[in-house]
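Here the structure comes first, spelled out in structure tokens, and everything after it is commentary.
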Amino acid sequence: MTKHLSRRTILAAGGAAAAAAAAPFAACAQTAAAGPIRTRKIPQSGEDLPVVGIGTSIVFAYENDPVKHAERTEVVKLLVAGGGSLIDTAASYGTAEARVGDVLSDTGLRPRIFIATKCASNGSREQSLASITRSQERLKAKSFELLQAHNVNEARKSVV
């Protein structure tokens with residue numbers, strides 16, 4: 001027998017999922033009120049980078065889903081409200097870069113986010129540069145704070 005789900009049940013489940021996903025960041029926001037978040041200096045620039053950030057590998061890899069978009073938007077807002085700024089993503093994480101770009105565009109939070117992304121390093125130089133350009137388009141960003149070579153297996157052959 002199939003169970004019929006009502007709109008109310010689905011919305012309630014979505015709300016519960018959003019609350020569960022946001023709980024660690026809500027705690028972070030409360031902690032931020034008690035004092036500044038821990039940071040570490042980036043050796044080259046001396047810039048202080050909060051030690052709190054989020055990864056996007058699975059959580060941001062979704063297609064057109066307004067409920068997930070709203071949940072992830074809330075998580076990014078809570079990250080920033082709690083003093084965090086790092087979002088780590090990669091071209092190989094499915095739709096994650098595009099979803100992060102949508103969230104940052106929708107919220108206007110891009111200036112407050114430290115974007116770390118990765119490009120493929122196992123192809124030609126042209127392929128790597130094309131990957132970087134696609135990442136810029138997906139993230140709606142002219143530049144990134146950190147660009148890394150992803151899955152470098154043979155450093156001597158790397159073209160990035």
- Tally Lys and Arg at +1 and Asp and Glu at -1 over the other residues with C-beta under 12 Å from the C-beta of Ile115: what net charge comes out? +3
- Work out from phi, with θ = phi - 60° and the Karplus expression 6.51 cos²θ - 1.76 cosθ + 1.60, the ³J(HN,Hα) of each residue of segment 137-151, listed in order in whole Hz, and give x for Gly and Pro. 5, 5, 7, 6, 9, 6, 8, 10, 7, 9, 10, 10, 7, 9, 6
- Leu86: accessible area at probe 1.4 Å, nearest 10 Å²? 40
- Task: Report, by chain and number, residues whose modeled amide H sits under 5 Å from the one on Gln148, excluding near sequence neighbours (fewer than 5 apart, same chain).
- Result: Thr117, Lys118, Cys119
- Message: What does the extension gain come out to for Ala81 and Gln127, with contour length at 0.36 nm per residue minus their alpha carbon separation?
- Response: 12.8 nm
- Query: Which aspartates and glutamates have a Cα lying under 16 Å from the Cα of Lys77, excluding residues fewer than 8 positions away in the same chain?
  - Reply: Asp88, Asp102, Asp106
- Item | Distance (nanometres) between label positions extended 7 Å along Cα→Cβ at Glu47 and Asn151 | 2.8
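The values are calculated or read from the model by the stated rules, or taken from the named source; none is laboratory data. Given the structure is predicted, the values throughout are model-derived calculations rather than measurements. Cβ coordinates were reconstructed from backbone atoms using ideal geometry, including for glycine residues, and neighbour counts include every protein chain displayed. Quick note on the areas: whole protein, heavy atoms, side chains included, nothing else; ligands and nucleic acids left out. Shrake-Rupley method; radii C 1.70, N 1.55, O 1.52, S 1.80 Å.
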